[in-house]
Structures are given as C-alpha cells and as structure tokens.
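Structure record follows, encoded as structure tokens.
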Amino acid sequence: MSTVRVPPVLRAAVGGVRELSVPGSTVAEVLAALYAAHPEVRAQLVSESGELHRFVNIYVNDEDVRLHEWLETPVGDTDTLLILPAMAGGATASR
Amino acid sequence: MTMRLPRVLADELVAHATTDLPNECCGMIGGRDGLAMTVHRAANTEASPFMYVMDPREQLRIMDAIDDAGDDLLAIYHSHTRSTAFPSRTDVELAFFSGTLYLIVSLATPDAPEIRAFHLRRDQPAELAITEEPVELV
C-alpha cells in the first residue's frame with residue numbers, strides 16, 4: 001500500500017483525511033483504486049475525455065511523474081504519491 | 001462570505017501585478033475567519049500576458065506554509081493586465097479549488113486598479129459557475 005497525500009482541496013471528497021493508504025504498483029493503478037474508493041475524486045481530476053486533466057500534477061516522492069513514466073511510473077509500498085491540481089487560468093476569453 | 005483585505009495587502013497585490021507587467025502575476029493569500037493576513041507571491045511559469053500557471057513547486061511550498069501556520073488558504077490571486085477583474089472562461093475551466101476564493105487584480109485602468117473575488121465552480125453550468133463575493137478593504 002502506498003501513501004496518497006491529499007491536498008485540502010480534495011479532502012472533502014475523501015472524508016476529510018490528509019493521507020490515505022491505497023493499493024497499486026503504478027500511478028495508474030493507485031489512481032484507479034482511489035477513484036473506486038472515492039468516486040468524487042475522479043470527478044474532480046478527470047477530464048471529459050476520461051483522462052487525467054492536463055492541469056493536474058502527480059508526484060511520487062516529490063518527483064513529477066511527467067518526467068518519468070507518467071501514469072506507468074512504478075509506485076512501491078513505501079512511496080508517497082501527491083495529487084496537486086494546478087492553480088491556473090487566463091484572461092484570453094475575458095469579457 | 002466577505003473577505004476583509006487590509007489596505008497594505010491590497011497595495012501589495014497591485015504592486016505584484018505591476019511588477020510582473022506585461023505578464024499576469026499569481027500567488028496566494030492566507031488568513032483566518034475571512035481576514036487576509038499574508039500575501040505569497042509565486043512565479044507564473046507561462047510568463048504570459050494572457051495566462052497564468054503557478055509554479056507547482058512554489059504552489060506546494062506556499063500551501064504547506066499556510067497550512068503549517070494554522071491559517072487557511074483564503075484566495076488564489078492573479079492579475080488581468082488589460083481586461084476587467086472578472087473571471088474568464090479559462091479561469092472557470094481551470095478552477096480546481098472550488099472552496100477557495102479566486103481574486104483578480106485588474107490593471108485595465110492603471111490609475112484605478114480593481115480587486116474583485118469570486119467562487120468558481122467548473123462543474124456547474126455557466127450561469128452557476130461564477131459567484132462574486134464582496135471584498136472589504138480594512
């Protein structure tokens with residue numbers, strides 16, 4: 001079981017806890033197990049196309065998984081996975 | 001809920017927006033019970049007049065600092081350099097932090113900067129996605 005750190009923005013969707021123990025040997029498997037246990041998290045992180053939103057960052061032991069094997073990055077029992085939605089926006093379509 | 005913003009912090013927000021021209025700036029505001037207490041500047045990795053993406057490392061560091069201080073993340077702020085202080089469609093589409101205020105500093109009228117705050121819901125239809133919350137300068 002790896003440890004998933006839950007930022008405040010997602011805590012309501014997981015019952016208010018800061019950390020969860022989640023099974024899985026890759027980032028994709030951990031996320032799938034997390035979504036199965038807490039479907040509201042999926043609604044917040046996954047885009048309409050069914051993929052992880054491109055403005056959601058995932059870190060394993062503080063390493064950005066985009067710099068590794070993305071969702072196939074291995075996750076071990078002692079690893080910590082952090083989900084961090086971006087703070088982003090833009091004025092392009094402002095009225 | 002009204003956000004109470006000390007004038008010195010409002011001045012800091014405008015100063016940050018002005019310093020980062022021609023690009024949008026971004027950062028976070030910590031506080032308690034609706035009273036803003038700290039402004040945390042962050043880097044806009046897009047370095048663009050039309051877009052901001054907060055540096056994720058700084059984002060994490062600042063979120064932890066606010067958490068460790070026992071404060072709440074009251075608002076995520078960014079600037080609009082040429083448009084009004086009203087959320088764009090992109091602002092709503094990327095508003096993952098539905099429980100936090102999104103504060104916008106507009107420099108569209110440089111002599112009269114505008115600061116407004118909103119709750120944004122990206123999971124709601126357009127007519128329900130934007131709710132303005134009052135900002136009271138104290």
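The values are calculated or read from the model by the stated rules, or taken from the named source; none is laboratory data. Bear in mind the structure is a predicted one, so any value in this text is a computation, not a measurement. Neighbour counts are summed over all protein chains in view; Cβ atoms, including those assigned to glycine, are modelled from backbone coordinates with ideal geometry. These area figures cover heavy atoms from the full protein model, side chains too; ligands, DNA and RNA do not enter into them. Shrake-Rupley method; radii C 1.70, N 1.55, O 1.52, S 1.80 Å.
Right, B:Ala75: in contact with a strand residue (DSSP E or B) (Cβ under 9 Å, 6 or more places away or on another chain) and at pLDDT 95 or above or not? For B:Ala75, the condition - in contact with a strand residue (DSSP E or B) (Cβ under 9 Å, 6 or more places away or on another chain) and at pLDDT 95 or above - is met. Name the residues in the range B:109-138 that are among the charged types (D, E, K, R) and either under 19 Å from B:Ala95 (Cβ atoms) or in contact with a His (Cβ under 6 Å, 6 or more places away or on another chain) (or both), would you? Result: B:Arg116, B:Arg121, B:Arg122, B:Asp123, B:Glu127, B:Glu132, B:Glu133. Listed by position, the strands (runs of 3 or more DSSP E) contained in the range B:1-62 that have at least 1 residues being surrounded by fewer than 18 Cβ atoms within 10 Å (Cβ to Cβ) and hydrophobic (A, V, I, L, M, F, W, C) are B:35-42.
Take B:Ser98 and tell me if it is of a type in the set (S, T, N, Q), part of a strand (DSSP E or B) and at negative phi. Against the criterion (of a type in the set (S, T, N, Q), part of a strand (DSSP E or B) and at negative phi), B:Ser98 does not qualify.
Considering the range A:41-68, the residues that are part of a loop (DSSP other than H, G, I, E, B) and touching a residue at least 12 places away in the same chain (Cβ under 8 Å) include one that is nearest to the other protein chains (Cβ to nearest Cβ), namely A:Phe55. Scanning the range B:50-62 for residues that are over 14 Å from the mean Cα position of the chain (by Cα) and within 8 Å of another protein chain (Cβ to nearest Cβ) returns B:Phe50, B:Pro56, B:Leu60.
The number of residues in the range B:63-85 that are open to solvent by 50 Å² or more (accessible area, probe 1.4 Å) and part of a strand (DSSP E or B) comes to 1.
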